[in-house]
Amino acid sequence: MRIQPFDYWAAPGLNEALNELDLHGADATVIAGGTDLVLNMKKKNILPRRVISLHNLNELDFVLTDESLDNDSVRIGALSKHADLAENPFLKQHFPILCEAVGLIGSWQIRNVGTIGGNICNASPAADSAPPLLVLDAQLVLASKKGEKKISLESFFTGPGATVLEPDQILKEIVIELPKQPSAGCYMKLRRRKAVDVSLAGVAFQAETGPDRKTLAKVGIALGGVAPTPVRVPEAEALLAGRTLDEAVTKISDCAEIAAKAASPIDDVRATASYRRTIINVFIQRCAQNVLNTLKNSGGD
Amino acid sequence: MSKLDVVGKSFPQIDALEKAMGKTKFVTDLALPQMLHGRVLRSPYPHAKIKNIDTSKAARLAGVKAVVTYADTPGIKYGPRTDDWTIFADDKARFYGDEVAAVAAVDEDTAEGALDLIEVEYEELPFVADPLEAMQADAPLVHDDKPGNIAAEFKVEAGDVDQAFKDSHVIYEDRYYTNQVYQAYMEPMGALAEIDKSGRLTLWTGTQIPNMMRMTYATALGVSADNIRVIVPDYGGAFGAKMENNVHLVAAILARKSGRPVRLINTRHDDFIAGNPRVPMYIDIKLGATKDGILTGKEVQVVGGAGARVVYSQVIVATACYRVDSLYRFKHVRSKGFTVYTNTVPTACFRGFGNSQMTFVLESALDMIAEQLNIDPVDLRLKNGIGPNETSVHGWKINSSGLKECVVKAAEKAEWKTKRGQKKPFKGIGLSCCNHVSGNRPFAREFDGGAGIVRIGRDGRITVYHGESDMGQGQKTTFAQIAAERLGVPLEMIYVADVDTDISPFGLGSFATRGTLMGGNGVLAAAKDAFKQLAETAAGMLEASAEDVRCRKGSFFISGSPEKSLPFKEVAAQATYDRHGAPVVGTGFYTPPTVLPDLETKYGNISPAYPFACQIAEVEIDPDTGQVTVTNFVGAHDVGRAINPLATEGQVRGGVTQGLGWTLMENMAYADGKLINPDFVDYIVPSALDVPEIKPILVEPIEPNGPYGAKGIGEPALNPTMSAITNAIYNATGIRIKELPVSPEKLLEEINKKRGQPTDNK
C-alpha cells in the first residue's frame, strides 16, 4: 500500500495552476484535500506522474453572498472545506440541506481537510455533496488558461469517477441561486453505522413554494449511490411540483415509489440492490414529509 | 483483611501518559542498525497448486537483500496444537492470503515493488469455505491426510440427557450460526527479528504467549527453545489474536537468509486476510425445562470452521461445547463438536474463546424457554444460576459466585420490571448472563499457575517481572498495584518490566482471562518474598523482630508504633549493603487448586475461580429500515474484587462495544473464497455514536483464590453482549436472531413478514 513516486508541485496561485495544467494537464492530477486521491494512489487505482497541489490557493476557499451584485446567488469556492461549509451561518440559513450533507461526510478529520470541489470532481456516485447540489440547481464554474465556463452540475457527471472536466480545467467555484420564496430541504443517507461511513444510498429533497406560500413552485429530488452517477429524478419531482402542500402530502408515497423505480442500484458487500431501493423509498417519504412540514409551518398558517 | 492502600483504587494506567503523548515505542516503531523491511507475497487463490516459483527477477531488484519461499525453510511440519503448519505454503496454497514467498529489502517501497516481480505458477483447485460443506463426502480436501476435512472431534456427556428431555415440560430446539469476525486491534501483527553470530534468534513481537510461542517456533525452525529469545515491547492490542502466526517466522527466515535484522509488520490488508480471526460456528441446541422453569437437559452440536490450519480452533470448539454447563445447575448434558478444515484464513482465539459463541446460543434459547413457560427471563436465571460453594456438572468448584447479585443489580439499574411491563412498539429490553474462567487448566498440560520476580535495588527502585502480557489492557498496572500493596509502597515506586524470555518468569501468558489471577498471584508471592527479606533488614534497623515489621506508604515501622519509621529507600540500601551489592530479589509462584479434566469424561476443575456476569441491553428498531440502535446498556460483573475499578470498568465498556460491533455490523465477507472487505472502509466496527452510555456495575464477592480476591474480566466483558442485544430485539419485534451479525435487511424482511400476518399483535 505504498504510494509510487511522483513529482509534486504546489501552485502558488490560481493562474500558475492553470498555466501548469495547460502544459502538463494530461499527465497530471490535481490534489485538493487529498482524502480520495491519496487512497486511490495507495491502492494504485491512479498512478499520476505529476501531482499539482492546490493547497495554497486560499483564493478558492470562500463563501460569497453576492445578493447585491450577482443575481441573488451564493458562490462557494471549490477549496472550501466540508467542516467550514457544514457550519457556515449563511448556508445554514438558506441551504441547510447542503450543510447537513457535507456534515455527514467521513469523519471530523476528513471534513477538516476534504473540499467540496474535490468531493464533486472525484465523481463518486455516492458523493454526499452531489445530491443536495443537484436539487439546488448548482452551477459549476470551470476555469482553464483559455477562460472560464459555467455549466450545470447535472451535466458534469458522466460515470463513476468520470466527468466532463478537461485535463486543463479545474473546478473554481459553485454557484447556487438563492430561493425567492420559503424553501426547505432534507438529506438522508443509508450507512452501516452512525458516523464515518460512505453513503450506501442518499436522498436529497428540496422544495420551494410559490408566492402564495401554499403551492410547490419547485421540487428537486436527487439520489446518490444508486446509479453510475448522482441523479435527479424529474418524473418524481413532476408528481409534486405545482401542487398545494396539502395535495403533495397525499402523493408522497407515489413519489417515493417512482424515485425508487428510477434508481438502478447494485449488489455489493455494503448492501443489496433491493435493500438500497427499499431505503430510497423510505427516505424519500421521510425527507418529503419533513420538507412539507417545514414549508407548512413557514407558510404562516 | 486490613485496609487496602493501593488495591481497589482507581488509577490511570501507569503507562497512559506516555501513550497519550505518543512516546510509547510499539513493535512497529522499533528499529535496529542495518535493519531490513519485510513483505509477504500471499496467495491470490483460496486453493491452488503451486507449480513453480521464480524469484530471480525480484532478487535482482536493487535494494532487495533476500527473497525466500518454502524452499528456504527447514520444511518441518509444526503447529501450536496440530502439526499441520509449514512456514510458507508447500506444494499448495490453502487459503486466500496463505504465505507463498517473502522479501526483505532496504525499505518498504522496494520490498513491495519486489513482490510484483516474483512469478508464481498456480493451478487453481476446487475450494471449500463453509465448514458444513467441508464435511460433505465430495468436498475438496484441504489437507490430503485429513479425511472428511475433520481436524478434531470432541465429546462430553454427563447424566441421562434422553431421560431429562422425556421429563421436560418444554423443549426448545434450533440451529444458530456465529460468523467470522476480526479483532481489529490498533497495531497489525508483526515482528522484528535478529539473529546473532551464534545463530540465536531474538524476536521483538506483540504476543500474548511469549514462552509458549517460543516453544512452537523452536520446533518450526528446527532449533532448541533456548536458541530463541522473545521480547514483548508495548504493543497495540490483541483480543486473542496475537499468538502464533506465520508472519513472525517469515521475519525470522528473512533475517536468517539476509544476515540482517528484519522488521516485518503486516499491512492492514494482510492482517485481515491472514491474521487469526474468530472461529465461525454452526450450533444446534436442544434445551429442556420443567413447568417451573428448572432446566432439565441440554444437548448441543458445534461445527467450527478451523480455516486452512489449526491454530487453537479445536480447543475453542471444545470450550463452546461445555463451558456454559457450569453457568447453571445442569445435571444432564451432551455435546459433540467438530473442528473442520476449510479454505479460509486459519481461525483462532478472540475474546470469549468459543464460550461467547455458545453463550449467544444458550442465552437466546433460555429466553425462548422463558417465553414458552411465561416466566420472566430474570426469574429463569435466578432459579437456575449456579451459586457460591457449588460444584457444577463437570466438577468445577465454584467458590465465589456473584451471578445472582449481578442479575438482581443489573435488573434494578436498567429498570427491567418497569420497562418490560410497559412494552412500546419496536422498543425492547433484553438480558443475558455468562460465566467464564480465570485460567484454563488443560490449555498447557504441564502447569497452569503463575510466577513473579520482584527486584529491589540499592536506590529502592522496585522492578516487577512477570511472564504474562500487557497488550494495552492494563496488566502492568494491575501487577504494579498488587506489588505496591504487598510491599507497602505508593504505586509510583513500582516499575513493571517488559516480558523478556531471558529474564522474566516462564509465564503462560495472557489468555483465558487468567492474567490478573494467575500472574497477579505470582507477583503477590514474589512481593511477599521480597518483603520478608526487607523486613529482616528493617527489623535489625528498628531493633524489633521481623514478624512485627510493617510497611505502609513507603515507610517501615513496628506494628503498633508507626511514629518511629524508616523510609523504604533506606531499608533497601541497607539490604543491598548487607548483601555486598546484591539486590533483594523476591521470587514466588502460585499453584492453583485446579484438577486437570479427565480425558474421557472431562470431569475436573479447570480454573481456581469463575467470574460471572449479567448484561442488559435496550434497543430501538426502525421498522422501515430494520436498523437497530442500542439505546442503553448495563453490565453487572462479578470480578471477585476490582484491583483497579477504573480499568475494570474500562474492560466492561470495551467488551460490550466489541460485542455490539459483532452483533450489529462486523462480518468478514467472502466471495469466491476471497475476503472482500479487508479494510476499515467495508469491515465496519462501531463508531462512538453507535455505542450508548455503558453502565458497569462491579460485583465483588471476594474470591478466596484471587490475589486480594480478584478474578478475571477480559472475556466475560463481551460474552453476554450479543444475546443481551438479540434478546432485546426479540422483545421489541418477536423476531429471534439466529445468525450474527443482525443484518438490517434481513430484520426488515422479518418485520414485513410479521406485519403481513393479521393474527400477530406484537
Query raised in the report: Does segment B:97-109 contain at least one residue that is within 14 Å of another protein chain (Cβ to nearest Cβ) and open to solvent by less than 50 Å² (accessible area, probe 1.4 Å)?
Result: yes
**Report entry** Matching residues, segment B:666-705, being without any contact (Cβ under 8 Å) to a residue 40 or more places away in the chain and in a strand (DSSP E or B)
**Finding:** B:A671
Query raised in the report: What residue, of B:E600, B:E649, is surrounded by fewer than 24 Cβ atoms within 10 Å (Cβ to Cβ), outside any strand (DSSP E or B) and free of Cβ contacts under 8 Å to residues at least 12 places away in the same chain?
Result: B:E600
Report summary line: By residue number, the members of segment B:458-474 that are part of a loop (DSSP other than H, G, I, E, B), touching a Pro at 6+ places or on another chain (Cβ under 8 Å) and open to solvent by 10 Å² or more (accessible area, probe 1.4 Å) are B:R458
Query raised in the report: Restricting to segment B:673-688, what's the tally of residues that are over 21 Å from the mean Cα position of the chain (by Cα) and more than 8 Å from every other protein chain (Cβ to nearest Cβ)?
Result: 6
Query raised in the report: Taking the stated definitions as given, is B:K762 at pLDDT below 95, more than 10 Å from chain A (Cβ to nearest Cβ) and touching a Gly at 6+ places or on another chain (Cβ under 8 Å)?
Result: yes
Query raised in the report: For segment B:142-159, which residues satisfy the criterion of being within 27 Å of the chain's Cα centre (by Cα) and part of a strand (DSSP E or B)?
Result: B:I150, B:A151, B:A152, B:E153, B:F154, B:K155, B:V156, B:E157
Report summary line: Screening B:T82, B:T86, B:T55 for residues that are β-branched (V, I, T), away from chain A (no Cβ under 14 Å), over 29 Å from A:K44 (Cα atoms) and in contact with a strand residue (DSSP E or B) (Cβ under 7 Å, 6 or more places away or on another chain) leaves only B:T82
**Report entry** Residues that are among the aliphatic types (A, V, I, L, M), within 14 Å of chain B (Cβ to nearest Cβ) and outside any loop (DSSP other than H, G, I, E, B), drawn from segment A:1-43
**Finding:** A:V38, A:L39, A:M41
Query - Residues of segment B:603-620 that turn out to be closer than 30 Å to A:I279 by Cα and either open to solvent by 10 Å² or more (accessible area, probe 1.4 Å) or not assigned by TED's automatic domain parsing to the domain that holds B:I702 (or both), as a count - result: 2
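When the residues of segment B:240-264 are narrowed to those that are among the charged types (D, E, K, R) and buried (at least 23 other Cβ atoms within 10 Å of the Cβ), which ends up farthest from B:Y185 (Cα to Cα)?
If we filter segment B:240-264 for residues that are among the charged types (D, E, K, R), which is where we start, we get B:242, B:244, B:256-257, B:260, B:263.
Checking which are buried (at least 23 other Cβ atoms within 10 Å of the Cβ) leaves us with B:242, B:244, B:263.
Numbers: B:K242: 10, B:E244: 16, B:R263: 19 Å.
The residue in question is B:R263.
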Report task. Give, as residue ranges, the strands (runs of 3 or more DSSP E) completely inside segment A:44-110 that count at least 2 residues that are at pLDDT 95 or above. Result -> A:50-53, A:73-77
Query - Meets criteria (within 21 Å of the chain's Cα centre (by Cα) and not in a loop (DSSP other than H, G, I, E, B)) for B:M722 - result: yes
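If you take the residues of segment B:194-250 that are of a type in the set (V, I, T) and part of a loop (DSSP other than H, G, I, E, B), which of them is farthest from B:E715 (Cα to Cα)? Reasoning before the result, please.
Going through segment B:194-250, the residues of a type in the set (V, I, T) turn out to be B:195, B:202, B:205, B:207, B:209, B:216, B:219, B:223, B:228, B:230-232, B:247, B:250.
Within this subset, residues satisfying the condition of being part of a loop (DSSP other than H, G, I, E, B) are B:207, B:209, B:223.
On the way: B:T207: 17, B:I209: 17, B:V223: 35 Å.
Taking the candidates together, the pick is B:V223.
State yes or no: is A:D254 more than 30 Å from B:F680 (Cα to Cα) and either within 11 Å of chain B (Cβ to nearest Cβ) or open to solvent by 60 Å² or more (accessible area, probe 1.4 Å) (or both)? Let's see the steps before the verdict.
On the way: more than 30 Å from B:F680 (Cα to Cα): yes; either within 11 Å of chain B (Cβ to nearest Cβ) or open to solvent by 60 Å² or more (accessible area, probe 1.4 Å) (or both): yes.
Judged against the criteria, A:D254 is a match.
Look at B:E112 and say whether it is of a type in the set (D, E, K, R) and open to solvent by 80 Å² or more (accessible area, probe 1.4 Å).
Details: of a type in the set (D, E, K, R): yes; open to solvent by 80 Å² or more (accessible area, probe 1.4 Å): no.
So B:E112 fails the test.
Do you know which residues across segment B:160-193 are exposed (fewer than 15 other Cβ atoms within 10 Å of the Cβ) and in a helix (DSSP H, G or I)?
Within segment B:160-193, B:D162, B:Q163, B:K166 meet the criteria.
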Query raised in the report: Would you call B:E739 open to solvent by 40 Å² or more (accessible area, probe 1.4 Å) and touching a strand residue (DSSP E or B) at 6+ places or on another chain (Cβ under 7 Å)?
Result: yes
Report summary line: Of (1) of a type in the set (S, T, N, Q); (2) within 13 Å of chain A (Cβ to nearest Cβ); (3) open to solvent by 10 Å² or more (accessible area, probe 1.4 Å), B:Q658 satisfies every one except (2)
Requested in this report: Filter segment B:684-723 for residues that are in contact with a strand residue (DSSP E or B) (Cβ under 6 Å, 6 or more places away or on another chain), open to solvent by less than 10 Å² (accessible area, probe 1.4 Å) and farther than 21 Å from B:F350 by Cβ and give the result.
Outcome: B:V699
Requested in this report: Would you mention how many residues in segment B:356-391 are within 18 Å of B:V333 (Cα to Cα), within 26 Å of the chain's Cα centre (by Cα) and open to solvent by 10 Å² or more (accessible area, probe 1.4 Å)?
Outcome: 1
Query raised in the report: Of the residues in segment B:547-556, how many are out of contact with any strand residue (DSSP E or B) (no Cβ under 7 Å at 6 or more places or on another chain) and not in a loop (DSSP other than H, G, I, E, B)?
Result: 3
Query raised in the report: Which condition number does B:I294 fail, the rest of (1) farther than 30 Å from B:M135 by Cα; (2) surrounded by 24 or more Cβ atoms within 10 Å (Cβ to Cβ); (3) away from chain A (no Cβ under 14 Å) being met?
Result: (2)
Requested in this report: Only residues in segment B:238-253 that are among the acidic types (D, E) count as the first member; pair them with residues that are open to solvent by 10 Å² or more (accessible area, probe 1.4 Å), Cβ under 8 angstrom, at least 6 apart or cross-chain, and list the lot.
Outcome: B:E244/B:G79; B:E244/B:P80; B:E244/B:T216
Query - So B:T219, is it among the polar types (S, T, N, Q), touching a residue at least 24 places away in the same chain (Cβ under 8 Å), open to solvent by 10 Å² or more (accessible area, probe 1.4 Å) and within 14 Å of another protein chain (Cβ to nearest Cβ) - result: no
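Conditions tested, residue by residue: (1) acidic (D, E); (2) in contact with a Lys or Arg (Cβ under 6 Å, 6 or more places away or on another chain).
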{"position": "B:V324", "(1), (2)": "no, no"}
{"position": "B:Y328", "(1), (2)": "no, no"}
{"position": "B:T344", "(1), (2)": "no, no"}
{"position": "B:F350", "(1), (2)": "no, yes"}
{"position": "B:S356", "(1), (2)": "no, no"}
{"position": "B:T359", "(1), (2)": "no, no"}
{"position": "B:L362", "(1), (2)": "no, no"}
{"position": "B:I375", "(1), (2)": "no, no"}
{"position": "B:D379", "(1), (2)": "yes, no"}
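Of a type outside the set (K, R) and over 21 Å from the mean Cα position of the chain (by Cα): does that describe A:A222? Before you say what the answer is, go through the steps one by one.
Details: of a type outside the set (K, R): yes; over 21 Å from the mean Cα position of the chain (by Cα): no.
So A:A222 does not fit the description; no.
Give the residue, chosen from B:A530, B:A538, B:A544, B:A525, that is open to solvent by less than 40 Å² (accessible area, probe 1.4 Å), in a loop (DSSP other than H, G, I, E, B) and more than 17 Å from B:T477 (Cβ to Cβ). So that I can check it myself, show each step before the final result.
Numbers: B:A530 fails: in a loop (DSSP other than H, G, I, E, B); B:A538 fails: in a loop (DSSP other than H, G, I, E, B); B:A525 fails: in a loop (DSSP other than H, G, I, E, B).
Testing whether each residue is open to solvent by less than 40 Å² (accessible area, probe 1.4 Å), in a loop (DSSP other than H, G, I, E, B) and more than 17 Å from B:T477 (Cβ to Cβ) leaves just B:A544.
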**Report entry** Tally, over segment A:263-286, of residues that are facing chain B (nearest Cβ under 9 Å), open to solvent by less than 20 Å² (accessible area, probe 1.4 Å) and not hydrophobic (A, V, I, L, M, F, W, C)
**Finding:** 1
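The values are calculated or read from the model by the stated rules, or taken from the named source; none is laboratory data. In this text the structure is predicted, and so the values were computed from the model without any measurement. Cβ: placed from backbone, ideal geometry, glycine included. Neighbour counts: every protein chain shown. Ligands, DNA and RNA are stripped out before the accessible areas are found, and what is left, the full protein with its side chains, is counted by its heavy atoms. Shrake-Rupley method; radii C 1.70, N 1.55, O 1.52, S 1.80 Å.
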